[in-house]
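Just below is one structure, and these are the notes that go with it.
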Amino acid sequence: VDASGFPGGRIELSGRVSSQFVSSVLLSAPYAQQPVELVLKEPPVSQSYIDMTVSLMRSFGVAVERQGALVYKVPRAVYANPASLQVEADASSATYPLAIAAITGGKVTAETVGADSIQGDARFAALLGEMGCAVQQDGTSTTVSGPPPSQRLRAVEVDMEPLTDAFMTAVAVMAVAEGTSRVTGIANQRVKECNRIAVMVSELGKLGIEAGELEDGMWVTGVDPATFAPRPATIACHNDHRIAMSFAVLGARLPGITIGQKDCVDKTFPEFWAVMSSKLGLSYDVPPPEACSGAAAAGASADASIVMVGMRGAGKTHLGESAARALGWECVDLDHLYVERHGAIMTAVEQHGWPVFREREAALLVDVLRSRPQRTVIATGGGIVETAAARAVLAAHWPVVQAFKPIEDIEAYLSSDGSRPDLGTPPREVYARRAPWYDEVSDVDVLIAPRESDWGAPQAQLAALLGRVRGTAAAAAAARPYSFFLSLTLPELSADRPLPAAIFEGSDVVEMRVDLLADTSTDAIRRYLALLRKQSGGRPVLYTVRSVCEGGRFGGSTDEYLRLNEVGLRAGCEMLDLEAARDGPPMRDMIARAARLGIGIVGSFHELGPMPSQEGVITALRRCCLGGAAAVAKFVGVASEPSHALLVHSAAAAAELPVPHIALAMGPFGRMSRVLNATLTPVTHPLLPAAARTLRNLGFSAAPGAGGRAAMEALLRKEGEWFVSALAAPLAPHETGEKTSGSLYEAEERAAFAPPLRAALEAAEARRAAMPLADAIAAIDSSGGAEARLALTEALLLLSASEDACAAMRSAGVFPVLRESRSLLLLSEDETHRPVVEANERLVSAFHLQAGGTTHAPQPSAPRGQFVWEKEDAAREAAAAAGAATEAAE
């Protein structure tokens, strides 16, 4: 910026955006090159703050002449310090403790803000008086006493233009007042730290409190704190101090509120949390993420009545009765209750029409929730969402469960049911209208698979989901040691052609790759997920949306990314994979909501470029912990050499993460990382179609290099012995019948190699299918090729770094087998196999030093790249060992 001074003269400026612009010009004007005439184009907002600026300038020796309401004349001058200056306390900050007195029925005195204050926000106490508080104010102090708990505050309509910074505090109080309040004169608050009006509306909506925007303000309909059960929510503060402090006020009266970005109060009131605690006795908790799981932990009652919504014929009553039996609660069907009070529904509709029926239905819902606020499952009619009044009641309640059933199944059911009145419109059109409303008013979904005839699965799903919603049960633990997830990359599932049960055997979790689906509409995802739960035998689901930049197919916006993940969250998937690179307030809100449903978060990062350094992998893994919110941290890189498999493994160990980790290297050089990985290792299965196993995007497989579970049960130390399984020849490659970028082998060679290893594995223990290293080497010698030998070389190279491993191999009789093995012969001079050459050279040196007893050294006369193992006497062994020490250390 090149500055040439402030020329001064006539300046025209809008005062409608913010008074701060006006004050900045006034404060600078005395130093202009000529006197300033500031002309405002229209009456400004927050006039009191401009008056404060003019008063302060007068105290420092500069007199500002005001002509009319819109013109200010400022002479050229130099500020002079006054002998003394009294600085008022911040009236805006004082609104928060005064509001807490109003909202809780307490009494608070602000000792340094009174009637003589020139700050607009000093008028906030008068507003509280209009709402029903007792207010005492003298020149320098203000005392507010809230009404007793038995008496509700009153709703008001108020122009807050003189005190715009206090409007959020006022709205927090209005949220528990009786009736609908309206605040106007605050349009400028849309251009502050955030769009404060929009944020207040959206965050109140999360709690189930009705609010909306006006042209220059907003409205809010208060709830009764004595009976209202808010939806637990994390408030997205958008780094705005006043949003955080205002919802802290509301949190003093309503449970279930978590403040995100609590440190943003540092901007104006860094001692806010401490003052509220020490002076007012409020309790603020900063729990670890896992302590927030469940609605009960967030403040909602575990006994709060459960409301079921969904289309007619979706199974709400059937599922509601099942849930009530399991909980030992009462089940109320609103349609049955309507018949008891008003007669047959069909007759009522014929005589009075749908509008009258809907009005009675909404009133019945209100009555049932008031009379049965706890320990009741309430099954509503399919059209309960047709009126705004009923939607508002449902949105304000927690929890509301949506029963989702494919529309074609509902159509088939309704066509055979003549006991209900005609909707007047085809069911498919009715559903298209209602679907957004069902999502709007509900909190979680229970999914019924297409053509489901056995209600046992959805009943079990609902029971598990309600246990987590109510905070009485946790999701099934999946991230345990030596666990595996099946990476399912099918673009669609079919009810007619279910997946064989064998595909899921041995896998602890099944991953649903949402970004690979042929149809990613909300209903299509729900269908897929319902079928997946059914066909997998109810296995825990890892719900994943992988971005293009991280090796997937999703290329949409962050809003669309969150929309897709919202489907998995509402369905209660046991695990949710969230990309750490997208971390921010919207995702933090999703993480907090997931925690309350007992959903484990996998914080993930996939580096598709060169493998980072060890420190880079450590940094990435720590970021994937998502500040302690993740249940698993996942890093995946691309291996360009065998050492990268060990790099990600050692980096994960050095990171000292507070949660389990997944640390993998893609590609043929990275297979060993899958063996070393102990938690949720991705696998596939040979029965999966090749078209679904290969992700062409960027040339990588969906789970690059993954083998079947048996292939991953490798290098497990059991009773002092090291094992190697079919890693040397993966039994279920993603790219069956095809080459993959970087592959060193053909499918035919692998197919010939697999049978002997498969036979050995099948004969081993069911849960730890593996084979002794010596047997694996012998099998490779008889049937293996380039790929098998490269894998074995990698395995042995890693083992050679461990004295314990060498001792175990020596005691297991592995070294005599190695001496006779053809697997350590280099395949050719071709540079294609250069990694094998280099790995073998290092391997020979390592075992030459560590094997003990008999030394195995290369024969000097052998052709380059070919080693011949032979016995040597003890004297030559000692000399060779000493001579190789330096090389091995390097």
Checklist entry - In whole percent, how big is the carbon plus sulfur part of the accessible area of region 43-155, probe 1.4 Å, protein atoms only? => result 52 percent
Checklist entry - Between Arg372 and Ala432, how many nm apart are label points set 7 Å from Cα along the C-beta direction? => result 3.5 nm
Checklist entry - Which pairs in the list Lys405/Lys534; Lys316/Lys405; Lys192/Lys279; Lys107/Lys279 are over 22 Å apart, alpha-carbon to alpha-carbon? => result Lys192/Lys279
Next on the checklist: Given Cβ point charges of +1 (Lys, Arg) and -1 (Asp, Glu) and nothing else, what value in debye, to the nearest 20, does the dipole of region 62-154 about its Cα centre take?
Outcome noted: 260 debye
Item to check | Mean Cα-pair separation over length for region 106-233, i.e. relative contact order, pairs under 8 Å, 6 or more apart, % | outcome: 20 percent
Item to check | Carbon/sulfur fraction of accessible area - region 313-472, other protein chains in place, 1.4 Å, % | outcome: 51 percent
Next on the checklist: Could you give each residue of region 339-354 its phi-based ³J(HN,Hα) in whole Hz, using Karplus coefficients 6.51, -1.76, 1.60 with θ = phi - 60°, and x for Gly or Pro?
Outcome noted: 4, 4, 8, 10, x, 4, 5, 4, 5, 4, 5, 5, 7, 10, x, 5
Next on the checklist: For region 520-646, report the % of Cα-Cα distances exceeding 21 Å.
Outcome noted: 43 percent
Next on the checklist: Given axes a ≥ b ≥ c from the Cα gyration tensor, I'd like to know whether region 151-214 is rounded (a/c under 1.5), prolate (a/b larger than b/c) or oblate.
Outcome noted: oblate
Next on the checklist: Under 25 °C and 0.890 mPa s, how fast does region 429-528 diffuse according to Stokes-Einstein, given a Kirkwood radius computed over C-alpha pairs? Answer in µm²/s, whole number.
Outcome noted: 152 µm²/s
Checklist entry - About its Cα centre, how strong a charge dipole does region 350-467 have in debye, to the nearest 20, once Lys and Arg get +1 and Asp and Glu get -1 at the Cβ? => result 400 debye
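Where a ≥ b ≥ c are the square roots of the eigenvalues of the C-alpha gyration tensor, would you call region 135-282 rounded, which needs a/c under 1.5, or, failing that, prolate if a/b is larger than b/c, or oblate? Before the final figure, lay out the partial values.
On the way: a/c = 1.08, a/b = 1.02, b/c = 1.06.
It comes out rounded by the Cα gyration axes.
Among 597-608, 368-379, 82-93, 202-213, what's the highest-first ranking by average C-beta atoms within 10 angstrom per residue? Don't skip to the end; give the middle numbers.
Numbers: 597-608: 22.9, 368-379: 18.2, 82-93: 13.3, 202-213: 20.3.
Most protected by this proxy first, the peptides run 597-608, 202-213, 368-379, 82-93.
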Checklist outcome for this item: Quick P(r) readout (region 1-157; Cα-Cα; 10 Å bins; whole %) gives 10, 30, 26, 20, 11, 3, 0
Checklist entry - Hey, rough spin-label estimate for Leu280 and Glu330, points 7 angstrom out along Cα→Cβ, what's it come to in nanometres? => result 3.8 nm
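With the other protein chains left in place, how much accessible area per residue, in square angstrom, belongs to region 34-113 at a 1.4 angstrom probe?
Per-residue value: 49 Å².
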Checklist entry - Among Ala3, Leu38, Ile50, whose Cα sits farthest toward the positive end of the charge dipole of region 1-100 (+1 at Cβ of Lys/Arg, -1 at Cβ of Asp/Glu, about the Cα centre)? => result Leu38
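Shape of region 292-410 from its Cα gyration tensor (a ≥ b ≥ c, root eigenvalues): rounded if a/c is under 1.5, otherwise prolate when a/b > b/c, or oblate?
Working: a/c = 1.77, a/b = 1.55, b/c = 1.14.
Prolate, because a/c is 1.5 or more and a/b exceeds b/c.
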Item to check | For a label point 7 Å along the Cα-to-beta-carbon line of Ser453, residues of region 483-508 with backbone N under 20 Å | outcome: 494-501
Item to check | Virtual spin-label span in nm between Ser494 and Arg10, 7 Å along Cα→Cβ | outcome: 8.0 nm
Next on the checklist: For Met200, what accessible surface area do you get with a 1.4 Å probe? Give it in Å², rounded to 10.
Outcome noted: 0 Å²
Checklist entry - So how do 529-536, 663-670 stack up, highest first, on mean other-Cβ count within 10 Å? => result 663-670, 529-536
Checklist entry - Just going by the charge dipole of region 435-560, with Lys and Arg at +1 and Asp and Glu at -1 on Cβ, which of Gly456, Thr544, Leu531 is farthest out on the positive end? => result Gly456
Checklist entry - Dipole magnitude of region 507-611 about its Cα centre, charges +1 at Lys/Arg Cβ and -1 at Asp/Glu Cβ only, in debye to the nearest 20? => result 440 debye
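Could you give the accessible area per residue of region 487-641, probe 1.4 Å, as a whole number in Å²?
Numbers: 4970 Å² over 155 residues.
Value returned for region 487-641: 32 Å² of accessible area per residue.
The values are calculated or read from the model by the stated rules, or taken from the named source; none is laboratory data. Please read all numbers here as calculations on a predicted model, not as lab measurements. Note that we place each Cβ from the backbone using ideal geometry, even for glycine, and neighbour counts take in every protein chain shown. Protein only, heavy atoms only, side chains kept; ligands, DNA and RNA dropped before computing areas. Shrake-Rupley method; radii C 1.70, N 1.55, O 1.52, S 1.80 Å.
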